[in-house]
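K.L.:
Once you've had a glance at the structure underneath, I'll fire off some questions.
FYI, it's all coordinate maths here, none of it is from the lab. Keep in mind that this is a model prediction, so the values were computed, not measured. Methodologically, a virtual Cβ is constructed for each residue, glycine included, from the backbone with ideal geometry; neighbour enumeration extends over all protein chains shown.
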Amino acid sequence: MTVSISGANLTYEDILAVSRNGAPVLLAEQARGKIAAARALVDRLVAEEKAVYGITTGFGKFSDITISKEQVAKLQRNLIVSHACGVGAPLPQDTVRTLMLLRANALAKGYSGVKEATVQALLNLLNAKIHPVVPSQGSLGASGDLAPLSHVVLVLIGEGEAEIDGEVVPGSVALARRNLKPLELEAKEGLALINGTQAMGASLSLAVIDALGVLKASFITAALTHQALRGIVAAYDEKLSAVRPHRGQALAALAMRRLLSGSEWVSVPGEIRVQDAYSLRCIPQVHGACLHALTHVAETMLIECNSATDNPLVFPEQAEVISGGNFHGEFLALGGDYLAMAVAEIGNIAERRIERLVNPQLSGLPAFLTRFGGLNSGYMIPQYTAAALVSENKVLCHPASVDSIPSSANQEDHVSMGGFSCRKVRQVVENTTRILGIELIAACQAIDLQVAGKLSPATQAVHDLVRAVVPTLGEDRVLYGELNHAYSLINGGQVQRAAESVIGEFCHLA
């Protein structure tokens, strides 16, 4: 597919297509007139030598210093080279691709005052698969993501470093390899390219996409565990959700009913026990609340993806340039922290289900899911690994958004710290995916140790998928490769697709 950007209609499907599938991007025709009108106003202001922040003045604390029209181009270049101060490990390639897509889309709205050729230059990098090396640390999340975005613009002007054809080369070499010329920045353009929230937005939007996959997988692994423990399906009765009408809870209960439909491994109250532990009984309430949180963050992020976030913004119809605070990342900072907590809770409750599977006092199954305990440890240590990941998630859930350190001589006296909140949530998603992978293989092992009739068709499809790559555990063997296989089955979406091939889509945003 080809993704067309206008600044107003970008979707998660577009982001996924560009970030991970390499889809080409083009500028929509309706965006061109808006871009030209805003640029014309900027050119007029420069010619008239009016004092307008970021166009004919310095930045931040230097906003009171006027720059002559002969120096405005140099001002923009100096801005980029002085602000490219990121440190740390580079952002992943899918994040960099998303970052460039989001920044181009923001510029396409026509409120930034750049030339159309400047937007196209950014798209040229993306389409040529020239990926700037963008250090992950250094953004305060206001004024936007200045440091990381500056590293992108460095490559546009023929400096910095970029990854191309599997190697890291100087920006000028990368451009030359694709027959592209360095961009000559003009008035307002350097500032427009870097004063936005797109590094935060890139990390958070990908976290949203991946978190939805995690939520889907968590219902599947929970359904397998539910059957392995002969859980009571009455806890998912729709009447319970009707009297506590949170949409997330109702959707979660429905997902469990659909996944368990047709199972002979479920019980009724009093058959085996009167009620289940919370990690089974409260799946609609816990998973449902997490689904609600994901929905909120997804909606917030989609608004941000189609917003103008730089400063100042140019309004050609009113002939105004307004300096404000659309670059401030508080929406994303809070969203990143909120989503991290929600996904961590999925990991928390999944680890408790793993414990119920391996603990004979809780499950009634052989200890650590091995018939030959003592000589063999079975799945004792995978539960340790899950516990370690849960603990790591708890530390990562400390909110970054409650912190602020003033900058630019106290001109920028409150910042969002969204750069970190939106990066660390991706690690929480990664950790939780691995926890669910452990639950997946532990539940399949627990099922294989019993004879209790037919699994539900949806979970039988998942069980068959797992057993194609991870055999039932008899004698102890090296397990880390199998944990990685289980992680890959979830991370790659195979587990989710296996269940959906039977019952259709069963989990969507609340």
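K.L.:
Taking every DSSP beta bridge with both residues inside the chain, roughly what % is antiparallel (nearest 5)?
P.N.:
Here the share of antiparallel DSSP bridges comes out near 70 percent.
K.L.:
A further question on this structure: At a Förster radius of 45 Å, what calculated FRET efficiency corresponds to the Cβ-Cβ distance of Phe372 and Val268, to the nearest 0.05?
P.N.:
0.85
K.L.:
Take the alpha carbon atoms of segment 335-367, find their center, do the same for segment 86-163, and report the distance between the two centers in whole angstrom.
P.N.:
Taking the Cα centre of each part, segment 335-367 and segment 86-163 sit 39 Å apart.
K.L.:
Under 18 Å from a point 7 Å along the Cα-to-Cβ line of Val168: which residues of segment 71-98 have their amide N that close?
P.N.:
84-97
K.L.:
Ranked from highest to lowest mean number of other Cβ atoms within 10 Å per residue, what is the order of the peptides 396-403, 14-21?
P.N.:
So the order, starting with the most tightly packed, is 14-21, 396-403.
K.L.:
Next question, about the same structure. What FRET efficiency would be calculated for the residue pair Arg467, Glu29, taking the C-beta separation as r and a Förster radius of 45 Å, to the nearest 0.05?
P.N.:
0.30
K.L.:
To continue, here is another question. With angles folded into 0 to 90 degrees, how steeply does helix 494-503 sit against the dominant principal axis of the chain? Use alpha carbons for both and round to 10.
P.N.:
Tilt of helix 494-503: around 70 degrees.
K.L.:
Which angle from 0 to 90°, rounded to the nearest 10, does the C-alpha axis of helix 93-108 make with the longest principal axis of the chain?
P.N.:
50
K.L.:
Also, I was wondering about something else. Can you give the extra length, in nm with one decimal, that the chain gains between His398 and Val478 once fully stretched, where that is 0.36 nm per residue apart less the Cα-Cα distance?
P.N.:
Additional length available on full extension: 25.4 nm.
K.L.:
Helix 283-305: angle to the longest alpha-carbon principal axis of the chain, degrees 0 to 90, nearest 10?
P.N.:
10
K.L.:
Under the Kirkwood approximation for Rh and a Cα-based Rg, what ratio Rg/Rh is obtained for segment 3-196?
P.N.:
0.95
K.L.:
While we're on this one: Note the count of lysine pairs whose C-alpha atoms are less than 21 angstrom apart in segment 3-196, limited to pairs 8 or more residues apart or on different chains.
P.N.:
20
K.L.:
With θ set to phi - 60° and the Karplus curve 6.51 cos²θ - 1.76 cosθ + 1.60, what are the ³J(HN,Hα) couplings of segment 260-267 in order, to the nearest whole Hz, using x for Gly and Pro?
P.N.:
Couplings: 8, 4, x, 7, 9, 9, 9, 10 Hz.
K.L.:
Let me ask another. At 0.36 nm per residue, and after removing the present C-alpha to C-alpha distance, how many nm does the segment from Tyr278 to His246 gain when stretched out fully?
P.N.:
That pair, Tyr278 and His246, stretches by 9.7 nm at full extension.
K.L.:
Take each of the peptides 75-83, 193-201, 30-38, 156-164, average the number of other beta-carbon atoms within 10 Å over its residues, and list them starting from the highest.
P.N.:
Highest to lowest by the protection proxy: 193-201, 156-164, 75-83, 30-38.
K.L.:
Report, as a whole number in µm² per second, the diffusion coefficient that Stokes-Einstein gives for segment 341-471 at 20 °C and 1.002 mPa s using the Kirkwood radius over alpha carbon pairs.
P.N.:
125
K.L.:
Using a Förster distance of 51 angstrom, determine the FRET efficiency expected from the C-beta separation of Asp43 and Cys85, and round it to 0.05.
P.N.:
0.95
K.L.:
Moving to a separate point now. Modelling each spin label as a point 7 Å along the Cα-to-Cβ direction, I'd like the Asn9/Ser488 distance in nm, to one decimal.
P.N.:
It is 3.9 nm.
K.L.:
If you count the DSSP beta bridges with both ends in segment 3-196, what percent of them are antiparallel, to the nearest 5?
P.N.:
Rounded to the nearest five, the antiparallel share is 75 percent.
K.L.:
At 7 Å along Cα-to-Cβ for each site, give me the label-to-label distance between Arg178 and Glu317 in nm.
P.N.:
Once both label points are built, they end up 3.4 nm from each other.
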